[in-house]
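The values are calculated or read from the model by the stated rules, or taken from the named source; none is laboratory data. This structure is a prediction, so every number in the text was calculated from the model and none was measured. FYI the Cβ positions are ideal-geometry reconstructions off the backbone, even for glycines, and counts take in every protein chain you see.
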Amino acid sequence: MINFTVYGLPQTAGSKRAFVIRSKATGKHRAIVTDDNAKGKDWKGDVKQAAAQFVQDGQSLLQGPLRLSLVFWLPRAKGHYGSGKNASVLKDSSPRKPQSKPDVLKLARCVEDALTGVLWFDDAQITSEQLTKRYCEFGQQPGCQVIVTEDVE
């Protein structure tokens, strides 16, 4: 089992955009695929760095079917809390769980893409996945808990 937490504001992978370019040197055409969320690149780097501690020199990537659990901790809006001496007290009217953007599937796709070639060969190896979006508790850092296990069922 691999279990780690990445701290920082989780980002989505965004939608993919593809462009065909022609090499001036060879005249050949090739496709370039990019994400439309520029912040996703830094988040992917943070995820890769956090996962790197589980990859030893010469250690091969995980093989076979995998189970992935991701818990995303997102910051609350300041309006969810009281003011003055109640600045750390959650208002009764505040939502208990995040129901707005970012989409949990797009958050997961960014993490999956970041871990491809770091922990596993291809995210197609993921056969079971549990995705959760939660608000941070007061004073808690946003981030993502990642748990990867073999899917032996």
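Could you tell me whether Ala114 is out of contact with any Pro (no Cβ under 7 Å at 6 or more places or on another chain) and free of Cβ contacts under 8 Å to residues at least 60 places away in the same chain? Walk me through it before giving the result.
Numbers: out of contact with any Pro (no Cβ under 7 Å at 6 or more places or on another chain): yes; free of Cβ contacts under 8 Å to residues at least 60 places away in the same chain: no.
So Ala114 does not fit the description; no.
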* Asked: Using beta carbons and a limit of 6 Å, which pairs, at least six apart or on different chains, have the first residue in the range 71-88 and more than 30 Å from Leu131 (Cβ to Cβ) and the second one part of a strand (DSSP E or B) and at pLDDT below 90?
  -> Ala87/Tyr81
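Got a number for residues in the range 104-152 being in a helix (DSSP H, G or I) and exposed (fewer than 15 other Cβ atoms within 10 Å of the Cβ)? Break it down into steps so the answer makes sense when it comes.
At the first step, the residues of the range 104-152 found to be in a helix (DSSP H, G or I) are 104-115, 123-125.
The next check asks that each one be exposed (fewer than 15 other Cβ atoms within 10 Å of the Cβ); those that pass are 105, 124.
Final tally of qualifying residues: 2.
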* Check the range 24-31 and report whether any residue there is modelled with pLDDT of 75 or more, among the aliphatic types (A, V, I, L, M) and in a loop (DSSP other than H, G, I, E, B). => yes
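Of the residues Thr127, Thr132, only one is β-branched (Val, Ile, Thr) and in contact with an Asp or Glu (Cβ under 8 Å, 6 or more places away or on another chain); which? Spell out how you get there, then give the answer.
On the way: Thr132 fails: in contact with an Asp or Glu (Cβ under 8 Å, 6 or more places away or on another chain).
Sole residue among the options that is β-branched (Val, Ile, Thr) and in contact with an Asp or Glu (Cβ under 8 Å, 6 or more places away or on another chain): Thr127.
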* Structure fact -> Across (1) at pLDDT 85 or above; (2) surrounded by fewer than 11 Cβ atoms within 10 Å (Cβ to Cβ); (3) of a type in the set (D, E, K, R), Lys48 clears everything bar (2)
